[in-house]
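J.: Take this structure, written in structure tokens, and hold onto it; I'll ask about it next.
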Amino acid sequence: MSAALTGAALGLSAGISPGPLLALVIVQTLRYGVREGAKVAVSPLLTDAPIVLAALALTAGLADRPFLLGLLTLCGAAYLVWCALGSLRFRPGAEAPAPAEAKSLRKGVLANLLNPSPYLFWGSVGAPLLAQTWNTGGGWRAAAAFLLGFFSCLVGAKVLVARLTGRLGPLMGSPAYALAMRGLGLMLLGYAGWFAFTAWGLLAP
């Protein structure tokens, strides 16, 4: 129970914290509907699994290799700029693409894989906590409870944001809708700038 609550607290905190993935959840929901926003929300289930499995080796090593982490972060900045331009170019009244063309899950997976935060979290916080939970007598059941609590709250919080956004979206007139999309585009550009600044600090000698 303690392991599950610890994982849930960390997952909820990560799920509601402002970030590029949360912004992408809102963008896809406003543009394509709740289902597409939820697809972005579940992307950590696909991206974090290999990160968790390799946390004690790859992520810890990556955290100690600023040049590699800097390159990853720079790629993330470029991808967020691409996502932001899609929102900034949005025009109200234009025919929306079919949901099948939204490619929300792919966008979420790419955004999360190119985001240094999961690597840093699992390399510096998540993996040590997971190992401690396993080694202090809890075994695999406690470790599984930690992961279940973490991912349930992480994904659940983002799905809830998608549902709330979907409820508010139809209430918005076209000018407000376009303004919201452009505001989110600027937010994504801001995160891209932060990624680029972080990458510069990691790559600079």
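The values are calculated or read from the model by the stated rules, or taken from the named source; none is laboratory data. Keep in mind that this is a model prediction, so the values were computed, not measured. Ideal geometry is used to build each Cβ from the backbone, glycine not excepted, and the neighbour counts take in all protein chains shown.
J.: For the range 151-178, enumerate the residues that are at pLDDT below 90, farther than 14 Å from G37 by Cα, surrounded by 15 or more Cβ atoms within 10 Å (Cβ to Cβ) and not aliphatic (A, V, I, L, M).
T.: Across the range 151-178, the qualifying residue is only Y177.
J.: Return a yes/no flag: does the range 132-145 have any residue that is of a type in the set (G, A, S), buried (at least 16 other Cβ atoms within 10 Å of the Cβ), at pLDDT 75 or above and touching a Pro at 6+ places or on another chain (Cβ under 6 Å).
T.: Initial filter on the range 132-145 (of a type in the set (G, A, S)): 137-139, 142-145.
Restricting the remaining residues to those that are buried (at least 16 other Cβ atoms within 10 Å of the Cβ) gives 138, 142-145.
Going one step further and asking which of them are at pLDDT 75 or above, we end up with 142-145.
Still in the running and touching a Pro at 6+ places or on another chain (Cβ under 6 Å): none.
No, there is no match, as no residue in the range 132-145 is of a type in the set (G, A, S), buried (at least 16 other Cβ atoms within 10 Å of the Cβ), at pLDDT 75 or above and touching a Pro at 6+ places or on another chain (Cβ under 6 Å).
J.: Scan the range 48-69 for residues that are surrounded by 19 or more Cβ atoms within 10 Å (Cβ to Cβ) and modelled with pLDDT of 75 or more and jot them down.
T.: Residue satisfying the conditions is D48 alone.
J.: Six or more apart or on different chains, Cβ atoms under 6 Å: show the pairs whose first residue is in the range 193-205 and more than 13 Å from A78 (Cα to Cα) and whose second is of a type outside the set (S, T, Y).
T.: L202/P66; L202/L69; L202/G70; L203/G70
J.: Can I ask one more? When the range 1-45 is examined, which residues are found to be outside any helix (DSSP H, G or I) and among the small types (G, A, S)? Even if it seems obvious, please write down each step before you answer.
T.: As a first pass, look at the range 1-45 and keep what is outside any helix (DSSP H, G or I): 1, 17-19, 33, 42.
The answer is S17, G19, G33.
J.: Could you check how many residues of the range 70-92 are surrounded by 15 or more Cβ atoms within 10 Å (Cβ to Cβ), aromatic (F, W, Y) and either modelled with pLDDT of 70 or more or closer than 23 Å to L120 by Cβ (or both)?
T.: 1
J.: List pairs: first residue in the range 154-182 and more than 13 Å from I16 (Cα to Cα) and hydroxyl-bearing (S, T, Y), second residue assigned to a helix (DSSP H, G or I) and modelled with pLDDT of 75 or more anywhere in the structure, Cβ distance under 9 angstrom, at least six positions apart or on different chains.
T.: Every condition considered, the pairs that remain are T165/V25; T165/I26; T165/T29; T165/L30; T165/V34; T165/G37; Y177/L30.
J.: Let me ask something else. Keeping to the range 6-27, report how many residues are more than 18 Å from G190 (Cα to Cα) and over 12 Å from the mean Cα position of the chain (by Cα).
T.: Residues meeting the conditions: 7.
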